[in-house]
Amino acid sequence: MKMSLYYWPMIPGRGEFVRLVLEAAGVEYVDVGRIEGVPAVLDAVRGSLGGRPHRALPILVDGEEVLSQTPVICTYLAEAYGLAPGREHRWGALTLLLTAMDLVTEAHDVHHPVSSRLRYEDQQPEARRAAELFVRERLPSFLAHLEGVCRDNPQSDWMIGGRLSHVDLVVEQLLRGLEHAFPAAMASAPIPGLRALAAAAASLPRIAAYRASERCIPFNRDGLFRAYPELDVPPA
């Protein structure tokens, strides 16, 4: 039986990190929202899948396993399909995933600093202020940390361990999203190791084929990473 991924059908969002791990592993899966639409994913959040309740998407169903939270799902898939960096790196890998998701949240909150229930247009002054602080303080801090982790890995040029892992796929998509939303800020970021890692991950045959297909949803103004020129504040 194929795995089923429940996520919004109109955005890459947090579900894209899961999709990339599935694609890199060569796992056949059903992207339920793309086939059955929003009602199906809403039903999943409301408990139609049984078991424990799930607060939000993405949700992955693999037989009797029903999982939510992006880091949990990515870790589960990596360990099941040979993309984990090794048991000795398990907690380090999870730490990096959670750090990446922290940056994802902060990038999202630039364009929705007051509430995700409000439209961007209803919080633009606050968003401009949030963008200034994010680009000049928070983004450089996160990138410096991740670059240092990549640079100081004694085993390889990947984030952790001696070979490609799910962490690298998550970091690649994170950088791709940041470059879409904040091109001016990212252009001058001193992250040669991360850029090389992202290029290597993006060139993987399965990832490249997925990105070239209609199944890959482009960035848009409904998702996590949004390109608003007025928020792409030049770095200090």
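Do we have LEU169 as crowded, with 18+ Cβ neighbours inside 10 Å and under 14 Å from the mean Cα position of the chain (by Cα) here?
Numbers: crowded, with 18+ Cβ neighbours inside 10 Å: yes; under 14 Å from the mean Cα position of the chain (by Cα): yes.
So LEU169 fits the description; yes.
All told, PRO154 falls short of being touching a residue at least 40 places away in the same chain (Cβ under 8 Å) and out of contact with any Ser or Thr (no Cβ under 9 Å at 6 or more places or on another chain). In the set (1) closer than 25 Å to ILE207 by Cα; (2) more than 18 Å from the chain's Cα centre (by Cα), MET101 fails one condition alone, (2).
Residues that are small (Gly, Ala, Ser) and assigned to a loop (DSSP other than H, G, I, E, B) within the stretch 1-48 comprise GLY13, GLY26, GLY37, GLY47, SER48, listed in sequence order. In the stretch 9-31, is there at least one residue being of a type in the set (Ser, Thr, Tyr) and over 20 Å from the mean Cα position of the chain (by Cα)? Among the residues of the stretch 9-31, not one is of a type in the set (Ser, Thr, Tyr) and over 20 Å from the mean Cα position of the chain (by Cα), which makes the answer no. Would you say ALA131 is more than 16 Å from PRO235 (Cβ to Cβ), buried (at least 22 other Cβ atoms within 10 Å of the Cβ) and of a type outside the set (Asp, Glu)? Spelling it out, it is not the case that ALA131 is more than 16 Å from PRO235 (Cβ to Cβ), buried (at least 22 other Cβ atoms within 10 Å of the Cβ) and of a type outside the set (Asp, Glu).
Okay, residues lined up against (1) part of a helix (DSSP H, G or I); (2) within 27 Å of GLU132 (Cα to Cα); (3) in contact with an Asp or Glu (Cβ under 8 Å, 6 or more places away or on another chain):
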| position | (1), (2), (3) |
| --- | --- |
| LEU178 | yes, yes, no |
| GLY193 | yes, yes, yes |
| ALA198 | yes, yes, yes |
| TYR210 | yes, no, yes |
| ASP222 | no, yes, no |
| ALA227 | no, yes, no |
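Have a look at SER141, SER203, SER213 and point out the one that is closer than 20 Å to ILE11 by Cβ, surrounded by fewer than 18 Cβ atoms within 10 Å (Cβ to Cβ) and hydroxyl-bearing (Ser, Thr, Tyr).
It is SER213.
Does GLU65 satisfy being free of Cβ contacts under 8 Å to residues at least 24 places away in the same chain, of a type outside the set (Gly, Ala, Ser) and farther than 26 Å from PHE225 by Cα? Answer is yes for this residue. Filtered by the rule that a residue be part of a loop (DSSP other than H, G, I, E, B) and under 14 Å from ALA25 (Cβ atoms), the stretch 65-84 gives TYR81, GLY82, LEU83, ALA84. Residue-level check: of (1) in contact (Cβ under 8 Å) with a residue 60 or more places away in the chain; (2) β-branched (Val, Ile, Thr); (3) assigned to a helix (DSSP H, G or I), ILE160 misses just (3).
For the stretch 18-28, does any single residue satisfy the condition of being out of contact with any Asp or Glu (no Cβ under 8 Å at 6 or more places or on another chain), surrounded by fewer than 17 Cβ atoms within 10 Å (Cβ to Cβ), modelled with pLDDT of 95 or more and of a type in the set (A, V, I, L, M)? Yes, the stretch 18-28 contains at least one residue that is out of contact with any Asp or Glu (no Cβ under 8 Å at 6 or more places or on another chain), surrounded by fewer than 17 Cβ atoms within 10 Å (Cβ to Cβ), modelled with pLDDT of 95 or more and of a type in the set (A, V, I, L, M).
The values are calculated or read from the model by the stated rules, or taken from the named source; none is laboratory data. On a predicted model such as this, the values are computed, not experimentally measured, just so you know. Methodologically, a virtual Cβ is constructed for each residue, glycine included, from the backbone with ideal geometry; neighbour enumeration extends over all protein chains shown.
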